[in-house]
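Please read the structure below before turning to the comments.
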There are 2 protein chains.
Amino acid sequence: MTLPGLRERKKQRTRDELTRVALELFTAQGYERTTVDEIVDAVEVSQRTFFRYFSSKEEVAFAVQQMVEERFVDALGQRPPGEGPFDAMRNAVLSGWDTIGDAIIEVVPVELYLRTFQMIESTPALLAVHLRRSTEMEETIAGIIAEREGLDLDADPRPRIAVAAFSGVMRVTGQLWGRGTDQSLEAIRALTEEYLDHLGPALAPSWRDDRS
Amino acid sequence: MTLPGLRERKKQRTRDELTRVALELFTAQGYERTTVDEIVDAVEVSQRTFFRYFSSKEEVAFAVQQMVEERFVDALGQRPPGEGPFDAMRNAVLSGWDTIGDAIIEVVPVELYLRTFQMIESTPALLAVHLRRSTEMEETIAGIIAEREGLDLDADPRPRIAVAAFSGVMRVTGQLWGRGTDQSLEAIRALTEEYLDHLGPALAPSWRDDRS
DNA sequence: TGTCAATTGTCAGTGACTGTCACTAGCCTC
DNA sequence: GAGGCTAGTGACAGTCACTGACAATTGACA
């Protein structure tokens with residue numbers, strides 16, 4: 001493995017710097033109140049260069065999220081075949097939270113990532129994009145689940161349904177965490193775990209028999 | 001009940017016309033390829049007027065959807081108390097499809113609404129907004145469910161979880177319908193019904209025991 | 001009918017984003 | 001290690017969504 005040339009390293013540095021500066025400005029003063037010009041002035045590149053790295057101002061807000069999601073997909077693909085679909089997704093998510101630092105530390109500190117996550121949840125324009133990206137990921141995940149279970153994605157609706165329900169719960173936990181007071185890494189991990197445990201019971205035909 | 005004055009009627013007419021023309025242009029030539037100027041030229045109002053009726057170009061794309069959603073919320077509130085949460089949501093949705101014409105015919109034909117729905121699903125920028133709007137509605141619905149069941153929304157996670165799972169399935173059906181070949185009203189109604197029936201079984205711990 | 005207030009139009013400006021073209025700087029060959 | 005090649009960048013002009021301010025118009029109502 002030859003390490004990449006100067007040109008390649010320079011590009012990576014510019015991209016990382018744009019990402020870091022953008023997230024810092026977004027979290028500090030708000031997404032809408034930050035202009036692309038502010039970002040590029042701080043990094044000392046032209047606006048045109050920014051738009052060569054990121055197709056929109058929104059995209060840079062998800063640069064780190066993108067990395068985290070790729071790791072989740074990898075982790076899911078490596079869960080033991082014995083695990084049921086739900087356990088596989090659940091464990092992939094939880095192990096992702098446990099090792100998040102490894103994935104992103106070269107670009108931004110974990111703490112900035114968590115603040116970015118909150119900013120996304122509380123900025124309508126970004127929340128919208130976040131949700132769309134999530135559904136795109138669902139399709140990927142459904143494919144992995146279908147393969148694990150040896151099912152045809154277009155003949156059997158269960159993979160998509162299960163993933164949709166699972167993601168729905170993930171989304172709710174994300175929102176509640178963003179609104180809550182404890183915004184630590186441990187808090188969102190615990191919330192994720194708790195809410196996933198509730199999914200089965202919540203779908204019982206009547207909640208009146210069994211108050212879990 | 002006095003019928004509204006001329007001024008009021010004129011406003012309604014302008015709003016409806018902007019909506020209809022916008023949806024026609026969007027569905028005919030695509031959302032991004034349609035400029036606000038085209039819309040206002042066709043209706044013969046100034047651009048400024050457009051933005052007084054709709055806070056953004058996106059908003060006009062959801063004007064009809066908005067009406068449909070309000071009807072769903074009403075219908076849900078009127079389901080008999082004996083129905084469990086899932087049945088209530090399910091029946092409210094299905095009865096909504098059965099009476100959709102009543103709700104929107106004064107603004108646009110049902111057929112244009114269906115085409116708009118597809119356009120939203122296939123336009124990334126609009127899909128994102130659609131998903132965000134859906135989650136906002138989920139919060140409303142969770143409140144209604146919690147009240148029906150006599151639960152505290154913040155103490156008991158089940159209403160939000162159930163609604164999230166339910167909405168996830170609704171979303172998947174919407175997407176599949178948009179991609180499929182039969183884009184009739186009957187098709188989306190049938191798909192909705194079928195997929196909701198599958199939700200319970202899909203959440204069983206293992207799918208290997210019981211192939212429904 | 002004349003006054004008031006709601007509605008609309010005009011105009012100037014901002015910010016995200018794109019196409020084009022000239023220029024700079026790694027890279028690679030001889 | 002000089003020179004050509006090309007990926008990457010900057011400068012500039014233009015489009016489009018959207019906003020604030022103020023002037024013009026037009027229902028409403030005494």
Filter result for the condition that a residue is at the interface with chain B (Cβ under 8 Å from one of its Cβ atoms) and under 23 Å from B:ARG160 (Cβ atoms), over A:SER122, A:SER167: A:SER167
From the list A:ASP87, A:ASP98, pick out the single residue that is within 12 Å of another protein chain (Cβ to nearest Cβ), under 27 Å from A:PRO159 (Cα atoms) and not basic (Lys, Arg). A:ASP87
Output for Cβ contacts, cut-off 7 Å, separation at least six or different chains, first residue free of Cβ contacts under 8 Å to residues at least 12 places away in the same chain in region A:41-62, second within 13 Å of DNA strand D (Cβ to nearest atom) and not in a loop (DSSP other than H, G, I, E, B), reads A:SER46/A:VAL40; A:GLN47/A:VAL36; A:GLN47/A:ASP37; A:GLN47/A:VAL40
Among the residues of region B:19-49, the number that are under 15 Å from B:PHE62 (Cα atoms) and more than 12 Å from DNA strand D (Cβ to nearest atom) is 6
Check off (1) assigned to a helix (DSSP H, G or I); (2) within 15 Å of DNA strand C (Cβ to nearest atom); (3) β-branched (Val, Ile, Thr) for A:VAL73 and give me the number that stays unchecked. (2)
Suppose the filter is in a helix (DSSP H, G or I) and buried (at least 16 other Cβ atoms within 10 Å of the Cβ); does B:VAL21 pass it? yes
Suppose we keep only residues that are more than 8 Å from DNA strand C (Cβ to nearest atom) and assigned to a helix (DSSP H, G or I) within region A:39-49. Which one would you say is farthest from A:LEU112 (Cα to Cα)? A:THR49
Counted residues, region A:170-209 - those being modelled with pLDDT under 80 and either in contact with a helix residue (DSSP H, G or I) (Cβ under 7 Å, 6 or more places away or on another chain) or within 7 Å of another protein chain (Cβ to nearest Cβ) (or both): 7
So is B:GLU59 within 14 Å of chain A (Cβ to nearest Cβ), at negative phi, near DNA strand D (Cβ under 10 Å from one of its atoms) and part of a helix (DSSP H, G or I) or not? yes
Which number in (1) crowded, with 17+ Cβ neighbours inside 10 Å; (2) in a helix (DSSP H, G or I); (3) among the β-branched types (Val, Ile, Thr) marks the one condition that A:THR34 misses? (2)
Cβ-Cβ distance below 8 Å, separation of 6 or more or different chains: which pairs start in region A:68-87 with a residue that is outside the structural domain of A:TYR113 (by TED's automatic domain parsing) and end on one that is assigned to a helix (DSSP H, G or I) and not small (Gly, Ala, Ser)? none
Tell me yes or no: at least one residue of region B:1-14 is more than 14 Å from chain A (Cβ to nearest Cβ), away from DNA strand D (no atom under 12 Å from the Cβ) and modelled with pLDDT under 95. yes
Confirm whether B:GLY96 is crowded, with 19+ Cβ neighbours inside 10 Å and at pLDDT below 95. yes
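The values are calculated or read from the model by the stated rules, or taken from the named source; none is laboratory data. Treat the numbers as computed from the prediction; the structure is a model and nothing was measured. Here Cβ is always computed from backbone atoms with ideal geometry, including for glycine, and neighbour counts include all displayed protein chains.
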